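Following: one structure in structure tokens, then a few remarks.
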Amino acid sequence: MLTLLLRRLVLGAITVVIVSLLIFAGVEALPGDACTAFLEREAQGALLEKCRVDLGLDRSAFTRYFEWAGGAVRGDFGMSAGGTERIATLVTDRLKNSALLAACALAVGVPLAILLGVITGLWRDRPVDLILSTSAILAMTIPEFVSATVLILIFSVWLRWIPGIVVAPADYPISAFFPEIILPIIVLSMVMTAHILRMVRSSVIEVMASDFVQMATLKGVPYWQVVFRHALPSALLPAINVVALTVAWLLGGVVVIEVVFNYPGMGRMMIDAISDRDLPVVQAITLIVAVTYVGVNLTADILTMLLNPRLRTYHMRRR
Amino acid sequence: MSGVAQARSSGRMQRLWCVLRDVAARPSGAVGLSLVGFHILLAALGPWLVPYDTGAMSSGEMLETPSMAHWMGTDHLGRDIASRVMLGGREALIVTGLATPLAMLWGGFTGLALGLAGGRIDEAMMRIVDAFLSLPGILILLVLVMTFGTSNAVLVPTLGFLFGIPIIRVARAATHEVIARDFVAAARARGHGAMTIIAVELLPNVRDTLMVEGAMRWSWMLLAFSSLSFLGFGVAPPTPDWGLMIADGRIYMSLALWGVLGPVIALSSLIVGINLAADALAKSLGIDRARKAVI
């Protein structure tokens, strides 16, 4: 068990190192650097050279990688290309806003998805399952900007209940984002509910058909006790990984939704940085998003290991 | 020799036909296939069917409500919305239609090769694949498009490359399920080369999984393509494109409803159609798609 955990941790760390190398090499490979972006096209010769020396871009890529990666470990991503603001302070506000949106969407989506997933799994191929499963495919596949636009059309343009866009800037307190945040929460939780629901459904169907559940049923255990005591603990285990993927997706900036609703999170910051050709910011955001992805998945894997009934009994037997 | 090859290929066609018939026999498959077929036909024949030139602006007829002349009304530049909706999927279908097979080819082949190779190479390559998967795909796409432009010559290889990476994982996992079987060991004992084993022993066994995966990736690629246009980084303005039309039409939503509703219905019906067909295909081939659903 311990070796399994350690192995998983080491693999995660290796992935993070490779990711940082990929990002650094990728940005290096792009034509132009922070100086050409900052000084625009007219910069040539001496001015460009001076800027490169000032920003330390004349040193070898090797040195700069270690400096950048070392800074990132300490939470320091350097300055944005404009040279005016620290990337770390810029990112903190945006990350907080993305986390707020993610937390709200998860609070709505996960319980709903598990409930509906269990219902569709237990009543497989009945009308309730057909209706919910079909709606799930629709919710999952219709592009986010389409469902967002339709919601804005209904609730903001026709009914005039909720404003269609967020006007508060990134550094405002959480309360400033209500009630505008409701529509993006609805769109996000629709998509994630659909994904988690499908996973839970197929997992419930599989576990309900498994030997140990059949055994419990044959021994005369009442149906609902079979469901709650025997089936669900195993059936919900795979859901952890899907939830983790959802969390990573939400924190990584749901670019399109944040643009549609003008929400000042990581996704909008990404788009702005790319439009401004602000490579240091792009580099920092990519690394943060990638590390979040690896971290959340790692946590999910470890949680699954700890909660897995098979590994648990093994552990207890040894004690 | 040629007779054998012919017999084999006719058998293959027959199986494809059987699968297709089975997919069409399911309600979701029938709906999905007709939606996809309709959109492909529309994209192919659209240029001869549209009532107006999609770029023709008319300053006297801006933001008109639906009428006999313009049955979805006109947009903020006085262009006929119905014509633009009919042709709005062409670019998306051309680009994703080329990029999806590309992604399946390179992702599938790499996955099969890694699964067959195993050991250290496999382990090391998978770490790189994991690293790529943890990067936000839309960000890579945006950076590349910003740098190299939005021509199809850039979009097709970029989308093909990015969407091939998750296919590597799927193909490798599918290969692992067959690699331990006796017929692979037998082929190795007969001294067949890696390419022969991949083509003759492995590919037929992972083909179904790859086909379902490819159908799924196609719909996601369409989603990525239209998101890119929606964000203003995709198709260049005079060309009609649903994502772009929705982005433009949003501003005038309360005045010209169909400028948004038209492309919304068109894009959703195509993507839902692909997914319904993919779902039915998965069921026909006996593959559990929900388990592979990764955001």
Go through (1) away from chain B (no Cβ under 13 Å); (2) buried (at least 20 other Cβ atoms within 10 Å of the Cβ); (3) more than 30 Å from residue B:142 (Cβ to Cβ) for residue A:223 and report which single condition fails. (2)
Among (1) surrounded by 17 or more Cβ atoms within 10 Å (Cβ to Cβ); (2) hydroxyl-bearing (Ser, Thr, Tyr); (3) at the interface with chain A (Cβ under 10 Å from one of its Cβ atoms), residue B:100 falls short only on (3)
Whichever residue in the range A:62-102 is of a type in the set (Gly, Ala, Ser) and modelled with pLDDT of 75 or more and, among such residues, is surrounded by the fewest Cβ atoms within 10 Å (Cβ to Cβ): A:70
Pick from the range A:144-165, criterion touching a residue at least 24 places away in the same chain (Cβ under 8 Å) and not hydroxyl-bearing (Ser, Thr, Tyr), ranking: surrounded by the most Cβ atoms within 10 Å (Cβ to Cβ): A:145
Could you list, ordered by first residue, the pairs with Cβ atoms under 8 Å in which the first is in the range A:8-22 and within 7 Å of another protein chain (Cβ to nearest Cβ) and the second is part of a helix (DSSP H, G or I) and among the small types (Gly, Ala, Ser), at least 6 apart or interchain? A:15/B:131; A:15/B:134; A:18/B:131; A:19/A:290; A:19/B:131; A:19/B:134; A:22/B:131
Testing residue B:252 on (1) touching a residue at least 40 places away in the same chain (Cβ under 8 Å); (2) among the aromatic types (Phe, Trp, Tyr); (3) facing chain A (nearest Cβ under 10 Å), one condition comes back false. Which one is that? (3)
What are the pairs with Cβ atoms under 6 angstrom where one residue, in the range A:235-257, is without any contact (Cβ under 8 Å) to a residue 60 or more places away in the chain and within 17 Å of residue A:284 (Cα to Cα) and the other, located anywhere, is among the small types (Gly, Ala, Ser) and part of a helix (DSSP H, G or I)? Sequence gap at least six, or different chains. A:255/A:267
Among (1) more than 23 Å from the chain's Cα centre (by Cα); (2) in contact (Cβ under 8 Å) with a residue 24 or more places away in the chain; (3) more than 30 Å from residue A:92 (Cα to Cα), there is one condition residue A:216 misses while meeting the rest; what is its number? (2)
Inside the range A:77-121, the number of residues satisfying the requirement of being more than 22 Å from the chain's Cα centre (by Cα) and outside the structural domain of residue A:183 (by TED's automatic domain parsing) is 9
Taking the range A:277-296 as the region of interest, how many residues are more than 18 Å from the chain's Cα centre (by Cα), at the interface with chain B (Cβ under 10 Å from one of its Cβ atoms) and either farther than 16 Å from residue A:26 by Cβ or assigned to a helix (DSSP H, G or I) (or both)? 1
The range A:110-165 - residue that is at the interface with chain B (Cβ under 10 Å from one of its Cβ atoms) and among the hydroxyl-bearing types (Ser, Thr, Tyr) and, of those, farthest from residue B:274 (Cα to Cα): A:156
Considering only residues that are over 17 Å from residue B:114 (Cβ atoms) and part of a helix (DSSP H, G or I), which ones fall in the range B:172-184? B:182, B:183
Residue by residue through the range B:113-156, note down the ones that are away from chain A (no Cβ under 14 Å), within 21 Å of the chain's Cα centre (by Cα) and within 30 Å of residue B:178 (Cβ to Cβ). none
Please count how many residues of the range B:233-262 are out of contact with any Ser or Thr (no Cβ under 9 Å at 6 or more places or on another chain) and either of a type in the set (Ser, Thr, Tyr) or closer than 28 Å to residue B:161 by Cβ (or both). 3
Failed criterion for residue A:299 (all others in (1) touching a residue at least 24 places away in the same chain (Cβ under 8 Å); (2) surrounded by fewer than 23 Cβ atoms within 10 Å (Cβ to Cβ); (3) at the interface with chain B (Cβ under 10 Å from one of its Cβ atoms) hold): (3)
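Listed here are the residues, each with its yes/no results for (1) at the interface with another protein chain (Cβ under 10 Å from one of its Cβ atoms); (2) touching a helix residue (DSSP H, G or I) at 6+ places or on another chain (Cβ under 6 Å); (3) surrounded by fewer than 24 Cβ atoms within 10 Å (Cβ to Cβ).
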| residue | (1), (2), (3) |
| --- | --- |
| B:236 | no, no, yes |
| B:259 | no, yes, no |
| B:269 | yes, yes, yes |
| B:272 | yes, yes, yes |
Within 12 Å of chain B (Cβ to nearest Cβ) and either at pLDDT 75 or above or surrounded by fewer than 20 Cβ atoms within 10 Å (Cβ to Cβ) (or both): does that describe residue A:168? no
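The values are calculated or read from the model by the stated rules, or taken from the named source; none is laboratory data. Fair warning: this is a prediction, and the values are worked out from it, not measured in the lab. Glycine also receives a Cβ, built like all others from the backbone with ideal geometry; neighbour counts cover every protein chain displayed.
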